[in-house]
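Q: Below is one structure. I have some questions about it.
The values are calculated or read from the model by the stated rules, or taken from the named source; none is laboratory data. Source: prediction; values computed, not measured. Positions of Cβ are backbone-derived with ideal geometry, glycine not excepted, and every protein chain shown enters the neighbour counts.
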Amino acid sequence: MSVQTASPKTRNSAWTKQDHYPTRLRQPQDALWQQRQEDVVKGRHLDGPLNGEQLDRFERDGFLFEPNFLGQAELDALRAELAAMLDRDDFRDRDFSITEPQSHEIRSLFAVHHLSRRFAELAEDERMVGRARQIVGGDVYVHQSRINYKPGFHGKGFNWHSDFETWHAEDGMPEMHAVSASIVLTDNHHFNGPLMLIPGSHKVFVHCLGETPDDNHKQSLKQQELGVPSNDALRELIKARGIDAPTGAAGGLLLFDCNTLHGSNANMSPDPRSNAFFVYNRRDNACVQPFGARKQRPSFLAHQPDDVWTPQQGTH
């Protein structure tokens, strides 16, 4: 079966040959998806905080929710830091600050482990890093960090997507050796737009259609339209595997595989929903030339190992 990608001229020949996950295609494939090539849990031999049963659940479902991960004092400190960051006028209207499509409320702040010492300490905490190391099977770095804030009544949802599809196509992440860690900073319930996941969807890669325009992130961070699975693929996966939406009190930790399909509804309640989000990528899986775009996204979205980033650097 031949594969026609949207922008073959954008990738150097060496990496084109090693593109195991073609996406942003011109034409649909015969199959809705292909099998994942990498193992899911690669560090069972490593010491760490996750036990065998937890690793088995992550292997099976593509995610793991741990309630009461943070104590109340830690949670209160992070909430205070979040409120202070959202109130900073110098963060508003910056490239790393994403606002709601129809308002001026901040929806996401990126590179938070560079913007805040407190969130940097959380990103470097061995409780987080140790879990990531066990899952990806080696030393890690933070590929991306952000705070997501979904205000009451007006917080918009996100379409179904695999983060790896975007990171592969637009950042140049070669393989599936990354895991996301989301700290729940506010109570999550069924009405304030909790994250929804398709269990087991991490074991297949869903090809997506459409050429990636330049600076696609300016649109996709507000409303993602490219890099989303077809309705047929979603229908089949949900029919077979269902949907799960982990909910619970603030302070929980949600770990999910880079390829697990997920999305969220709008916040229909008066209760805001916020979380701190860190992507741990294995160091030997650092990004190269993008596989489905002409250039990499700005560095506030896709860090390299040992990056030192400041807001003054903008979109370098």
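Q: Go through segment 128-160 and give me each residue that's crowded, with 22+ Cβ neighbours inside 10 Å and either β-branched (Val, Ile, Thr) or closer than 18 Å to VAL204 by Cβ (or both).
A: Correct list: ILE135, VAL136, VAL140, VAL142, ILE147, TRP160.
Q: Identify all residues within segment 121-154 that are among the hydrophobic types (A, V, I, L, M, F, W, C) and at positive phi; write none if there are none.
A: Within segment 121-154, just PHE153 meets the criteria.
Q: Ok, one more. Answer yes or no: is there a residue in segment 58-65 that is in a strand (DSSP E or B), in contact with a helix residue (DSSP H, G or I) (Cβ under 9 Å, 6 or more places away or on another chain) and surrounded by 14 or more Cβ atoms within 10 Å (Cβ to Cβ).
A: Yes, because at least one residue in segment 58-65 is in a strand (DSSP E or B), in contact with a helix residue (DSSP H, G or I) (Cβ under 9 Å, 6 or more places away or on another chain) and surrounded by 14 or more Cβ atoms within 10 Å (Cβ to Cβ).
Q: Would you confirm whether or not segment 262-281 contains a residue that is at pLDDT below 90, buried (at least 19 other Cβ atoms within 10 Å of the Cβ) and assigned to a loop (DSSP other than H, G, I, E, B)?
A: yes
Q: If you don't mind, another one. Quickly run through segment 22-46 and pick out the residues that are acidic (Asp, Glu) and modelled with pLDDT of 95 or more.
A: GLU38, ASP39, listed by residue number.
Q: Scan segment 66-88 for residues that are assigned to a helix (DSSP H, G or I) and not charged (D, E, K, R) and jot them down.
A: GLN72, ALA73, LEU75, ALA77, LEU78, ALA80, LEU82, ALA83, ALA84, MET85, LEU86
Q: Sticking with this structure for a sec: Condition test on GLY138, is it in contact with a Leu (Cβ under 9 Å, 6 or more places away or on another chain) and assigned to a loop (DSSP other than H, G, I, E, B)?
A: Answer is yes for this residue.
Q: Do you know which of the residues in segment 226-249 that are in a helix (DSSP H, G or I) and of a type in the set (Gly, Ala, Ser) is nearest to HIS262 (Cα to Cα)?
A: By that ranking, first place goes to ALA233.
Q: Mind listing whichever residues of segment 69-87 are modelled with pLDDT of 85 or more and in contact with a Leu (Cβ under 9 Å, 6 or more places away or on another chain)?
A: Within segment 69-87, PHE69, LEU70, GLU74, LEU75, LEU78, ARG79, LEU82, MET85 qualify.
Q: Related question: Please enumerate the residues belonging to segment 168-197 that are among the small types (Gly, Ala, Ser) and outside any strand (DSSP E or B).
A: Across segment 168-197, the qualifying residues are ALA169, GLY172, GLY193.
Q: List the residue pairs whose Cβ atoms are under 7 Å apart, where the first residue sits in segment 252-274 and is under 23 Å from TYR21 (Cα atoms), the second is crowded, with 20+ Cβ neighbours inside 10 Å and acidic (Asp, Glu), and the two are 6 or more positions apart or on different chains.
A: CYS258/ASP163
Q: Can I ask one more? Can you name every residue in segment 161-202 that is crowded, with 24+ Cβ neighbours inside 10 Å and farther than 19 Å from PHE278 by Cα?
A: Scanning segment 161-202 gives ALA169, ASN192, GLY193, ILE198, SER201.
Q: Follow-up question, since we're still on this one. Name the single residue that is modelled with the lowest pLDDT among those in segment 89-117 being over 19 Å from ALA302 (Cα atoms) and buried (at least 17 other Cβ atoms within 10 Å of the Cβ).
A: GLU100
Q: Please go through (1) within 15 Å of LEU254 (Cα to Cα); (2) aliphatic (A, V, I, L, M); (3) modelled with pLDDT of 95 or more for ILE147 and return the number of the only condition it doesn't satisfy.
A: Every listed condition holds for ILE147 apart from (3).
Q: Within segment 190-209, is even one residue within 25 Å of SER97 (Cβ to Cβ), touching a residue at least 12 places away in the same chain (Cβ under 8 Å) and of a type in the set (Val, Ile, Thr)?
A: no
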